[in-house]
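Asker: Okay, handing you the structure first.
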Amino acid sequence: MSIIQIKNLSKNFGRRTAVNDISFDIEAGSLFGFIGPNGAGKTTTIRVLTTLLKPSAGQVLVDGHSVVKQPREVRKVMGYMPDFFGVYNDMTVWEYLDFFCGCYEIEFNQRKSLISDLLELVDLSKRHDDYVDSLSRGMKQRLSLARSLVHDPKVLVLDEPASGLDPRARVEFRELLVELRRLNKTIFFSSHILSDIAEICNQVGIVEQGNLISVGHIDTLKRQLRETHHIRLRVMGDTVERAKSILATSQGVGEVEADPASDGDWDIIAEFSGDKPAVTTLLKQLVLADVPILSFAAETDSLEDVFMKLTEGGIL
């Protein structure tokens, strides 16, 4: 069941089109990564989704509620974490969360246990009396996430949540998002850090210059491009030319490169388009040609590879 439905969404700022007629759905319980370069339209889409901007055209529904006609209903089911923390430096961590509990009309007698649970979830229990301005960037991000959860929303929308974090903090934040998905939250977050999205998301959307280039499961996107492998093999030195010749004349093989390795052996790297059975067939051809293979591996495209292929050369 789709909990977020975006239909023909466009947003213009004067003559500039920030988002151009994009449509996609997000299933309940998904961890959806929205990726694209800076200026691609990610933040504009998020601001429409979170009722902060009105669309120029199209319709956006969150849990069946229109972001234009029913913004208060949308806000009840959504937690939003913007790409900036805000100015709350004179508050302690506890006061910060208590303030937002008041904003969401959480009963006073329920706040203590709720705040304790949220701080435990984001691993900030020991910092509850610290001032916000004493926290590291990673801790502030976790506190901001806790704030977005005070009203127990069905949907979390996060704008560049890993931006500016060090590698350790990024790993901790990714683990936290995975845990929230286990708690049946639907999570929509934007990022330009493709490795973060590749590791935890079950669905991705790729946007560039306001246009939605592709959307779906990462594996599905790869299949749409005809999955490309980089075949890597090591052969004995006196058979390198034979191996290169077989590869160059095999179906689906692109550029072939060979470099000398240790002890007179050679490393060969070849671009190869095809599925897993095709990789097996290629290996069989080499073996039947008496090419002594010392090692063989087929590497599938990473999300970075998929992104580059979809965005290069104006593939829209």
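The values are calculated or read from the model by the stated rules, or taken from the named source; none is laboratory data. Only a predicted model underlies this, so the values are computations on that prediction, with no experimental measurement involved. FYI the Cβ positions are ideal-geometry reconstructions off the backbone, even for glycines, and counts take in every protein chain you see.
Asker: Please determine, by comparing only the residues of segment 218-239 that are surrounded by fewer than 13 Cβ atoms within 10 Å (Cβ to Cβ) and either among the acidic types (Asp, Glu) or part of a loop (DSSP other than H, G, I, E, B) (or both), which one is modelled with the highest pLDDT.
Answerer: Result: 238.
Asker: Count, please, the residues in segment 255-277 that happen to be out of contact with any helix residue (DSSP H, G or I) (no Cβ under 8 Å at 6 or more places or on another chain), in contact (Cβ under 8 Å) with a residue 24 or more places away in the chain and part of a strand (DSSP E or B).
Answerer: 4
Asker: Just to check your reading of the model, which residue among 166, 159, 123 is surrounded by fewer than 16 Cβ atoms within 10 Å (Cβ to Cβ), within 18 Å of the chain's Cα centre (by Cα), closer than 30 Å to residue 198 by Cβ and of a type in the set (D, E, K, R)?
Answerer: 166
Asker: Taking residue 63 as the residue in question, decide whether it is more than 14 Å from residue 140 (Cα to Cα), touching a strand residue (DSSP E or B) at 6+ places or on another chain (Cβ under 9 Å) and among the acidic types (Asp, Glu).
Answerer: Yes: the conditions hold for residue 63.
Asker: Name the pairs: first residue in segment 10-26 and of a type in the set (Gly, Ala, Ser), second residue not in a strand (DSSP E or B), Cβ to Cβ under 6 Å, at least 6 apart or on different chains?
Answerer: Listed pairs, sorted by first residue: 10/56; 18/41; 18/44; 18/210.
Asker: Just to be sure, is residue 153 at pLDDT 90 or above and not assigned by TED's automatic domain parsing to the domain that holds residue 279?
Answerer: So residue 153 passes the test.
Asker: A further question on this structure: Filter segment 240-269 down to the residues that are of a type in the set (D, E, K, R) and modelled with pLDDT of 90 or more, then identify the one that is nearest to residue 289 (Cα to Cα).
Answerer: Once the filter is applied, the top-ranked residue is 242.
Asker: Please specify each residue of segment 116-135 satisfying the condition of being in a helix (DSSP H, G or I) and closer than 24 Å to residue 186 by Cα.
Answerer: Passing the criteria: 116, 117, 118, 119, 120, 121.
Asker: If you don't mind, another one. Can you give me the ranges of the helices (runs of 4 or more DSSP H) entirely in segment 136-210 with at least 1 residues that are under 23 Å from residue 61 (Cα atoms)?
Answerer: Those helices (runs of 4 or more DSSP H) span 137-148, 167-182.
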